[in-house]
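The values are calculated or read from the model by the stated rules, or taken from the named source; none is laboratory data. Given the structure is predicted, the values throughout are model-derived calculations rather than measurements. Neighbour counts are summed over all protein chains in view; Cβ atoms, including those assigned to glycine, are modelled from backbone coordinates with ideal geometry. The area values use the complete protein model at the heavy-atom level, side chains included, leaving out ligands, DNA and RNA. Shrake-Rupley method; radii C 1.70, N 1.55, O 1.52, S 1.80 Å.
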Amino acid sequence: MEQMITIELFGQPYTFKAEPDVEQAREVADLLVREVGKVQSQQAGGVNHVAVLMLAALNIANENLELKKGCSSLRTDLSQRFSHLIRLLDSSLNWA
């Protein structure tokens, strides 16, 4: 079921449809609001809204890429460990 979610950025409300996972859409919207607030607090007074949104989007995208790289590295490490364990198990079973 679709539901409407409203966030406020720069004193303006923005409403969008969220479906099917409303909770995840709310988390994403809250993340954007937090990141925009963080960027705004770091900038001197005269930065326009588009620049703030771009910086917030770049920060979120950078964090996303870092997480993806971390997951990829973890998958590679786990795959190597599992392969090693399987070889050890195979070796132990062949001795029996």
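Solvent-accessible area of the chain (1.4 angstrom probe, protein heavy atoms only): carbon and sulfur portion equals 58 percent. Using a simple spin-label model with pseudo-atoms 7 Å out from Cα toward Cβ, Arg81 and Phe10 lie 4.6 nm apart. Solvent-free Debye calculation, one equal scatterer per alpha-carbon of segment 12-82: log10 I(q)/I(0) at 0.25, 0.28 Å⁻¹ equals -1.10, -1.19.
Think of the chain as having a plus end and a minus end, set by charges on the Cβ of Lys, Arg, Asp and Glu; of Val36, Pro13, Leu88, Leu88 sits farthest toward the positive end of this dipole.
Rolling a 1.4 Å probe over the heavy atoms of the protein chains gives the chain an accessible area of 81 Å² per residue.
Bridgeable aspartates and glutamates around Lys17 (alpha carbons under 18 Å apart, same-chain partners fewer than 8 residues away excluded): Glu2, Glu8, Glu27, Asp30.
Full-extension gain between Glu2 and Asp21, please, as 0.36 nm times their residue separation minus the C-alpha to C-alpha distance.
Length difference between fully extended and current span is 6.0 nm.
Using the Cβ-Cβ distance between Ser73 and Leu53 with R0 = 30 Å, the FRET efficiency computed as 1/(1 + (r/R0)^6) comes to roughly 0.50. For segment 1-53, the relative contact order works out to 29 percent when only alpha carbon pairs closer than 8 Å and six or more residues apart are counted.
Where does the charge balance sit around Ile60 when Lys and Arg score +1, Asp and Glu -1, over other residues with C-beta under 13 Å from its C-beta? Once positives and negatives cancel, what remains is -2. Rounded to the nearest 10 degrees, the angle from helix 49-95 to the longest Cα principal axis of the chain is 10 degrees. Each Cα pair under 8 Å and six or more residues apart adds its sequence gap; the mean of these over the residue count of the chain is a relative contact order of 17 percent.
Using equal-weight Cα scatterers in the Debye expression, the normalised intensity of segment 41-96 in log10 at q = 0.28, 0.29 Å⁻¹ is -1.01, -1.03. Considering only the other residues whose Cβ falls under 15 Å of the Cβ of Asp21, what net charge follows from Lys and Arg at +1 and Asp and Glu at -1? Net local charge, Asp21 excluded: -3.
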